[in-house]
Each structure stands twice: as structure tokens, then as C-alpha cells.
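Written below as C-alpha cells is the structure these notes are about.
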Amino acid sequence: MKTTKLLMSAGVIATLFFAACSPKDGDIQTAVKAKEASEVSVAVTKGEVTLTGEVADEAEKAKAETIAKAEKGVKSVVNNLTIKPAFNTTAPVVIADDAALTKNVADAAKDFPTVQTTVKDGVVTLKGEISKSSLVKLMQQLSVLKPKKIDNQLTVK
């Protein structure tokens, strides 16, 4: 009987000792954050580390997870990191020169006799009066021409 009580007491003490020795969530968070990139946010709950933020590529994402898993006291890692989008490397939008743009704007506006158009430095300026339904049609036609800007000073009737 005494042996059983002694063993049970030793088991309880050992459990408390080991529980007290395991790292706390705050300590784990501090240690992991110190080793991660500045864009990575670290949250720890009951030994589970959650990583959030943006990283440059898949290798950096995997590295962040490896760093977190290596920390003492980490039970699991949830990697919610996202990859930063790459810059669009397609050709830039080319704005038509004023002479060609002026001709094309005049062609687009010929069906709208109450609208006066001017083009300067790629900016199309619209003046006059127009109905709401005609305005939508005109704006669509002008947008296809890819001007730098459309300065709409029209009065809608």
C-alpha cells in the first residue's frame, strides 16, 4: 500500500515537474519570431505555432515552417504564409500619339453632335451635352483607344 502511494506521488510530482519545465507559449513565440523574417507574424497557442504574412517564394515559406518546428516546445505548425505576387512583366500599355488619337477620338465622337472633343498630351477632354445612355456608349468607344486619361466635362441630360 505504501509503495503504491509512493509511486503515485512520484508520478504526480514528475508530471508537475515536466509540465513546469516545458516552454511557455510566450517564450516560444519570442524565440520563433527572433529567427523569422520581419514579414512573418507568429502566434502560439498551447504549443501550436501559426505563421501568417507574405514571403518572397515557396523556399522562404518552407524555411519559416522548418524554423518554427525546430523550436523546443512546439507541438505543431500551421503555415498560413502566402507568396508575394510577382510583378507583371508584360509589355507596358502604349498610349497613342496625339495625332492618331485625335483622329480616332473624332471618329468615335462623330455620332454625338453635341459633344466637343480635344486631345492634348494623351488626355481626351469632353465638353457639351449628352444623354446618359449615349455617355456610356461614348466612354466605351473612347476607352478602347487607350488615352492617358478621359476628362469628362459633359453635362448629362
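How large is ³J(HN,Hα) for each residue in region 26-34, as worked out from phi by the Karplus curve 6.51 cos²θ - 1.76 cosθ + 1.60 (θ = phi - 60°), to whole Hz, x for Gly and Pro?
Ordered by residue, 3J(HN,Hα) equals x, 5, 5, 4, 4, 5, 5, 4, 5 Hz.
Leaving out ligands, DNA and RNA, what percent of the accessible area of region 25-83 is carbon and sulfur, probe 1.4 Å? Don't skip to the end; give the middle numbers.
Numbers: 1720 of 3370 Å².
On region 25-83, the fraction of accessible area on carbon and sulfur atoms equals 51 percent.
Can you give me the pair-distance distribution of region 96-156, C-alpha pairs, 5 Å bins, whole percents?
Result, from short to long distances: 4, 21, 36, 26, 11, 2 percent.
Can you list residues whose amide H is under 5 Å from Val78's amide H, if they're 5+ apart or on another chain and H is modeled 1.01 Å from N?
Val49, Thr50, Leu51
Expressed in nm², what is the orientationally averaged projection area of the convex hull enclosing the Cα positions of region 25-83? The partial results should precede the final answer.
On the way: hull surface 12.8 nm².
Averaged projected hull area, Cα only: 3.2 nm².
Label Thr45 and Lys157 with points 7 Å out from Cα along Cα→Cβ: what is the distance between them in nm?
Once both label points are built, they end up 6.3 nm from each other.
Pop out the ³J(HN,Hα) list for region 67-80 in order, Karplus 6.51 cos²θ - 1.76 cosθ + 1.60 with θ = phi - 60°, rounded to Hz; leave Gly and Pro as x.
Karplus-based 3J(HN,Hα) across region 67-80 equals 4, 5, 5, 6, 6, 5, x, 7, 8, 7, 10, 9, 9, 9 Hz.
The values are calculated or read from the model by the stated rules, or taken from the named source; none is laboratory data. Here the structure is a predicted model, which is why all the values come from computation and not from measurement. Methodologically, a virtual Cβ is constructed for each residue, glycine included, from the backbone with ideal geometry; neighbour enumeration extends over all protein chains shown. For the accessible areas, the whole protein counts, side chains as well, though only heavy atoms, and no ligand, DNA or RNA atoms are used. Shrake-Rupley method; radii C 1.70, N 1.55, O 1.52, S 1.80 Å.
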